[in-house]
Amino acid sequence: MFDDLKKVDEIIKRTNCSYEDARGALLDSGGDLLAAIIYVERKKSTEEKLKARSEDVIDEIKKAIVDANASKLVVKKGDEILINIPVSAGVIGAVLAPLFSVAGITAAMVSNYEFDIYTKDGNKINLNSKLEESLDRIDKSINKIKDEFNIHKK
């Protein structure tokens, strides 16, 4: 028991992870300290890749809004308008960031929210299909990273 605690402490010291993650890695690696450290490092690398992919999706959405010369963003659920705000570069960066997080988009898509931008000349552009394509790409990336991670884990 005390040896395991020393190993967990060493994993934490070297990888800056939580006790829970260190213990899980040690158990998954059959008590092998080096394998556990490598496991935690790979897991962190995977999380960083996913975060980068998420940021790419957010950037794509922001670009679509800017490229469309959008004047406002409307978020609806059914016939009810939930958000109706003018769009500017500042709004895109500050106000919409939580909405355009991957978790926020996924939750909104599952809940049947509709994202529309309106151009200055009055045309309506629905962002849902672009969001679905982006989420599909992230899903594929996640599965690829998981597969790579599982290959290295064995």
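Side notes on the structure shown:
- In region 61-94, the residues that are surrounded by fewer than 17 Cβ atoms within 10 Å (Cβ to Cβ), under 18 Å from the mean Cα position of the chain (by Cα) and either among the β-branched types (Val, Ile, Thr) or at pLDDT below 70 (or both): Gly93, Ala94
- Condition met for Gly31 (over 29 Å from Ser141 (Cβ atoms) and either charged (D, E, K, R) or modelled with pLDDT of 85 or more (or both)): yes
- Residue that is nearest to Arg137 (Cα to Cα) [pool: residues in region 102-121 that are at pLDDT below 80 and surrounded by fewer than 16 Cβ atoms within 10 Å (Cβ to Cβ)]: Thr106
- When the criteria are applied in full, Lys124 meets the requirement of being at pLDDT 60 or above, under 17 Å from Ile65 (Cβ atoms) and touching a Phe, Trp or Tyr at 6+ places or on another chain (Cβ under 9 Å).
- Pairs meeting the criteria (first residue in region 123-147 and part of a helix (DSSP H, G or I), second residue charged (D, E, K, R) and modelled with pLDDT under 75, beta carbons under 7 Å, at least 6 apart or on different chains) are Ser134/Glu60; Ile138/Arg53; Ser141/Arg53; Ile145/Lys49.
The values are calculated or read from the model by the stated rules, or taken from the named source; none is laboratory data. Just so you know, these numbers come straight off a predicted model, no measurement behind them. Positions of Cβ are generated from backbone atoms using ideal geometry, with glycine treated the same way; all protein chains shown enter the neighbour counts.
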